[in-house]
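Encoded as structure tokens, the structure appears first; notes follow it.
The values are calculated or read from the model by the stated rules, or taken from the named source; none is laboratory data. From a predicted model like this one, the values you see are computed outputs, not experimental measurements. Neighbour counts are summed over all protein chains in view; Cβ atoms, including those assigned to glycine, are modelled from backbone coordinates with ideal geometry. Note: accessible area is taken over every heavy atom of the protein model, side chains too, but ligands, DNA and RNA are not part of it. Shrake-Rupley method; radii C 1.70, N 1.55, O 1.52, S 1.80 Å.
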Amino acid sequence: MYYLDIILIVNGAMDAFLLVFTAHLLRKKIGWLNISLAVILGELPIIFILADHSGLLAVSKILVPLGMVSLGLKITNISEFMKGFLYFSLLAAGSGGIYYALSGWLGLTGGDGSVQTLYELWFLPLTALMLMGGYKFWEKMQKTNLFLDNILYDVELCFENDKRIKIKALLDTGNELRDPLTGTPVMLLEERVAQKVLPEKIQQFLQLPWRESQNPWSFLWNDEEYALLRMVFISAKGINGQTWLPGIRLGKVEISQGERGWEQPVTVALVPQVLSSEGKFQALLHPEHIHKPSSKEEIA
């Protein structure tokens, strides 16, 4: 058995929520008089169903949502209207799916999505909370990705003529490491990533017990061949105190972001740990590795 008053309350409450949510996405101020008129307009399809006007019902399914968005949000610009209608339609589909799924899973509405008593209206705020929670999570992820996009760079490293690797590198403003002999800014690179393209001689060197030595430079001084590979050791502060990182001087490294790109010599220091648990980047850049466009102002 269906109760008209309950059906109208449920439909009106959901329409009001969807319009307010759409206004939030469009960053528009809402007028409650307009929202109320739009909600009343949204009740027409229900009236047509009860009156068994199939023709008017078919037309209303198209025109009523368009009118609700235009009236409820006071939109006159065509592009903004189309965006608002898209948001409203997607939110309606999403909230409808959540509502019907909850009603069926919890078995409080007979599984057909029809509300039988006012007590069961708690489905409405629960549906709204789930939809808003999903949106907040998505918004937070978008902000994080936008922030990363501004400080992530594409880097191509060349250790030998036929040994190249393309990676993602994060700008680390706290990276102050420099080559102890040339003063060149240091880029930190995951050793496991570099292993794929490191020359065989360097891979052999990394197997030596230099980590156990307080002065690993002796491993380079005692073998001129390793020195010819332009290897160095870089002193860095780790969790367990002072540590040494094996470094390799590369004459040319390609760094780019979007359409901007440049080349410069870089000393690469190999680190044993994973720099990004999510795999979003494999290296850390020094601030001096970044060439800022001259047209952009510095942000204090």
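Structure notes:
- Candidates Gly111, Gly104, Gly96, filtered to the one that is of a type outside the set (Phe, Trp, Tyr), open to solvent by 40 Å² or more (accessible area, probe 1.4 Å) and modelled with pLDDT under 85: Gly111
- Residue within segment 155-169 that is open to solvent by less than 30 Å² (accessible area, probe 1.4 Å) and modelled with pLDDT under 85 present: yes
- Scanning segment 182-225 for residues being surrounded by fewer than 16 Cβ atoms within 10 Å (Cβ to Cβ), of a type in the set (S, T, N, Q) and in contact (Cβ under 8 Å) with a residue 24 or more places away in the chain gives a total of 1.
- Looking only at segment 238-278, and only at residues there that are of a type in the set (Lys, Arg) and touching an Asp or Glu at 6+ places or on another chain (Cβ under 8 Å), the one that is farthest from Pro216 (Cα to Cα): Lys252
To keep it simple, each residue is scored yes or no on (1) assigned to a helix (DSSP H, G or I); (2) open to solvent by 40 Å² or more (accessible area, probe 1.4 Å); (3) modelled with pLDDT of 85 or more; (4) among the aromatic types (Phe, Trp, Tyr).
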{"site": "Met1", "(1), (2), (3), (4)": "no, yes, no, no"}
{"site": "Asp5", "(1), (2), (3), (4)": "yes, yes, no, no"}
{"site": "Asn11", "(1), (2), (3), (4)": "yes, yes, no, no"}
{"site": "Val20", "(1), (2), (3), (4)": "yes, yes, yes, no"}
{"site": "Ile35", "(1), (2), (3), (4)": "yes, no, yes, no"}
{"site": "Val39", "(1), (2), (3), (4)": "yes, no, yes, no"}
{"site": "Ser60", "(1), (2), (3), (4)": "yes, no, no, no"}
{"site": "Pro65", "(1), (2), (3), (4)": "yes, no, yes, no"}
{"site": "Phe88", "(1), (2), (3), (4)": "yes, no, yes, yes"}
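- Filter result (within 23 Å of Phe17 (Cα to Cα) and not aliphatic (A, V, I, L, M)) within segment 39-63: Gly42, Glu43, Pro45, Phe48, Ser60, Lys61
- Only one of the numbered conditions (1) touching a Ser or Thr at 6+ places or on another chain (Cβ under 9 Å); (2) open to solvent by 40 Å² or more (accessible area, probe 1.4 Å); (3) of a type in the set (A, V, I, L, M) is not met by Met132, and that is (1).
- Within segment 150-196, being over 16 Å from Phe233 (Cα atoms) and over 30 Å from the mean Cα position of the chain (by Cα) holds for Phe159, Glu160, Asn161, Asp162, Lys163.
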